[in-house]
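Enquirer: Sharing a structure, written as structure tokens. Questions coming.
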Amino acid sequence: MIALIIVAVVLVLIAIYVVIYNGLVKSRMYTQEAWSQIDVQLKRRTDLIPNLVNTVKGYAKHEKSTLAEVISLRNQLTQVPSGDHQQAMAVSDQLTNSLKSIFALAESYPDLKANQEFGKLMEELTNTENKIAYSRQLFNSSAASYNMKLQQFPSNIIAGIHRFKNVEFLTVPEAEKAAPTVSFED
């Protein structure tokens, strides 16, 4: 009778261990999948940039420095190692700021603003930027859930045994945290 109770307790402990371990693996996979979503959107944006640059070139010949910066940052983003999330996001943030300069060019060049191809590309890039922002939020939510499991008892014990590591959150650069100044004065 005692042997049966011991076997039952051992089986229950093994079952709990397996459930916790699988929960940690599942959480880690959700975090990796969330990063993959960011990666997909970054790739989509880098694929759209050459078309946008070629469209703008015809209208804004003397804006070569802005276009060169966008192309350079695009190329940097394609060279970032796949596991370096922080560097990828830093280059991505710089690219976003450079793209804002191209968006502003449309205001200076009415013909460019009226170009349907430019309008479609701008819409695609805007949608992609929104998807990147959403994907970043999803990644941080997944990372928070995963990191909590790594710290909660009893999963923290199993996480330590199997060397599960915390995932860093994606952060906003300090320069982008400042509220923009809006002025209606001339």
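Enquirer: Pick from N140, N166: which is outside any loop (DSSP other than H, G, I, E, B), modelled with pLDDT of 90 or more and not aliphatic (A, V, I, L, M)? Walk me through it before giving the result.
Expert: On the way: N166 fails: outside any loop (DSSP other than H, G, I, E, B).
Of the residues listed, the single one that is outside any loop (DSSP other than H, G, I, E, B), modelled with pLDDT of 90 or more and not aliphatic (A, V, I, L, M) is N140.
Enquirer: Also: Out of curiosity, is K149 charged (D, E, K, R) and farther than 27 Å from K43 by Cα?
Expert: Considered against the rule, which asks whether it is charged (D, E, K, R) and farther than 27 Å from K43 by Cα, K149 comes out as yes.
Enquirer: OK, next. Would you check if R45 is without any contact (Cβ under 8 Å) to a residue 40 or more places away in the chain, of a type in the set (K, R), assigned to a helix (DSSP H, G or I) and surrounded by 14 or more Cβ atoms within 10 Å (Cβ to Cβ)?
Expert: Criteria not met by R45.
Enquirer: With respect to the numbered conditions (1) over 12 Å from the mean Cα position of the chain (by Cα); (2) crowded, with 16+ Cβ neighbours inside 10 Å, which one is the sole condition not fulfilled by S72?
Expert: (2)
Enquirer: Can you find, within the range 79-137, the residue that is farthest from S65 (Cα to Cα) among those that are outside any helix (DSSP H, G or I) and within 15 Å of the chain's Cα centre (by Cα)?
Expert: Among residues in the range 79-137 that are outside any helix (DSSP H, G or I) and within 15 Å of the chain's Cα centre (by Cα), the one farthest from S65 (Cα to Cα) is G83.
Enquirer: Here are I38, I71: which of them is β-branched (V, I, T), assigned to a helix (DSSP H, G or I) and either over 30 Å from Q151 (Cβ atoms) or free of Cβ contacts under 8 Å to residues at least 40 places away in the same chain (or both)?
Expert: Result of the check over I38, I71: I71.
Enquirer: Spot the failing condition for V91; the list is (1) open to solvent by 60 Å² or more (accessible area, probe 1.4 Å); (2) at pLDDT 85 or above, and only one is missed.
Expert: For V91, the failing item is (1).
Enquirer: Moving on to the next point. Could you check, for the range 91-99, whether at least one of its residues is under 22 Å from A34 (Cα atoms), free of Cβ contacts under 8 Å to residues at least 24 places away in the same chain and among the β-branched types (V, I, T)?
Expert: Scanning the range 91-99, I find at least one residue that is under 22 Å from A34 (Cα atoms), free of Cβ contacts under 8 Å to residues at least 24 places away in the same chain and among the β-branched types (V, I, T), so the answer is yes.
Enquirer: Please go through the range 94-123 and give me each residue that is surrounded by 16 or more Cβ atoms within 10 Å (Cβ to Cβ) and closer than 23 Å to Q79 by Cα, ordered by number.
Expert: Correct list: Q94, L95, T96, S98, L99, I102.
Enquirer: Quick test of your reading of the structure: G83 fulfils all but one of (1) crowded, with 17+ Cβ neighbours inside 10 Å; (2) at pLDDT below 90. Name the failing condition by number.
Expert: So G83 meets the others, but not (1).
Enquirer: To continue, here is another question. Please count how many residues of the range 17-38 are closer than 23 Å to T96 by Cα and surrounded by 17 or more Cβ atoms within 10 Å (Cβ to Cβ).
Expert: 4
Enquirer: In this structure, does V10 turn out to be open to solvent by less than 20 Å² (accessible area, probe 1.4 Å) and part of a helix (DSSP H, G or I)?
Expert: no
The values are calculated or read from the model by the stated rules, or taken from the named source; none is laboratory data. It should be emphasised that the depicted structure is a prediction, and the values quoted were computed from it without experimental measurement. A quick note on method: Cβ atoms are made from the backbone with ideal geometry, for glycine too, and the neighbour counts reach across all protein chains shown. When the accessible area is computed, the model is the full protein with side chains, heavy atoms only, and any ligands, DNA or RNA have been set aside. Shrake-Rupley method; radii C 1.70, N 1.55, O 1.52, S 1.80 Å.
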